[in-house]
Amino acid sequence: MSQINDLPLSAIAASDSPRGQRIAFVEAQWHSDIVHQARDAFLEEMARLGVARELIDVFDVPGAFEIPLHAKRLANSGKYAAIIGCALVVDGGIYRHEFVANTVVSTLMSLQLETDVPIFSAVLTPHHFHEHVEHRKYFHRHFAVKGTEVAEACFKTLEALDKVDALLAAA
């Protein structure tokens with residue numbers, strides 16, 4: 001039995017306001033040729049799952065560090081059912097990448113709990129990334145896979161939250 005079925009409905013806080021109907025995809029522009037592979041795969045998979053392209057807004061930000069503020073404003077607007085953050089954070093040789101990636105992902109998790117809007121991370125930090133053809137080709141392919149995966153996670157999460165909301169409304 002799932003944990004939700006083991007809890008009394010009164011123990012689960014329902015959202016005070018309905019979620020919006022749109023989906024936001026916030027993408028960093030550092031290494032945009034690679035990041036755009038995830039965006040394109042995300043859009044393609046969402047279309048395959050039946051989500052109209054007109055319901056998805058794409059926002060460009062300079063880098064990964066700018067994603068959380070955009071995500072927070074979008075979540076607080078009430079217009080978005082879900083938000084995806086996407087970036088490639090590379091090792092510049094001074095370990096800043098670990099701090100940036102950890103800060104961004106941790107903040108996105110906190111924001112989704114604070115705003116009650118699911119926020120997904122496709123913010124990736126490879127151990128080794130070099131500006132040569134083989135790595136660029138690999139990460140082009142890898143980001144396309146991650147775009148598809150984040151679309152599936154988004155779609156399934158929204159379906160699951162709709163079921164929870166219906167269950168709570170019936171209580």
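The values are calculated or read from the model by the stated rules, or taken from the named source; none is laboratory data. This one's a predicted model, so the numbers in the text were calculated from it and none came from an experiment. Glycine gets a Cβ as well: all are built from the backbone with ideal geometry, and neighbour counts include every protein chain shown. Only protein heavy atoms, including side chains, enter the accessible area calculation; ligands, DNA and RNA are left aside. Shrake-Rupley method; radii C 1.70, N 1.55, O 1.52, S 1.80 Å.
Here are the numbers for the structure shown:
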quantity: Among the candidates V100, V90, V35, residue that is farther than 24 Å from E152 by Cα, modelled with pLDDT under 95 and either touching a Cys at 6+ places or on another chain (Cβ under 9 Å) or crowded, with 21+ Cβ neighbours inside 10 Å (or both); calculated: V90
quantity: Conditions (1) open to solvent by 70 Å² or more (accessible area, probe 1.4 Å); (2) free of Cβ contacts under 8 Å to residues at least 60 places away in the same chain: number failed by L74; calculated: (1)
quantity: Scan of the range 28-77 for residues that are assigned to a strand (DSSP E or B), in contact with a Gly (Cβ under 8 Å, 6 or more places away or on another chain) and acidic (D, E), ordered by number; calculated: none
quantity: Single residue of I84, I56 found to be in contact with a Cys (Cβ under 8 Å, 6 or more places away or on another chain) and under 27 Å from A160 (Cβ atoms); calculated: I84
quantity: Single condition F129 does not satisfy, out of (1) modelled with pLDDT of 90 or more; (2) more than 29 Å from A47 (Cβ to Cβ); (3) in contact with a Leu (Cβ under 9 Å, 6 or more places away or on another chain); calculated: (1)
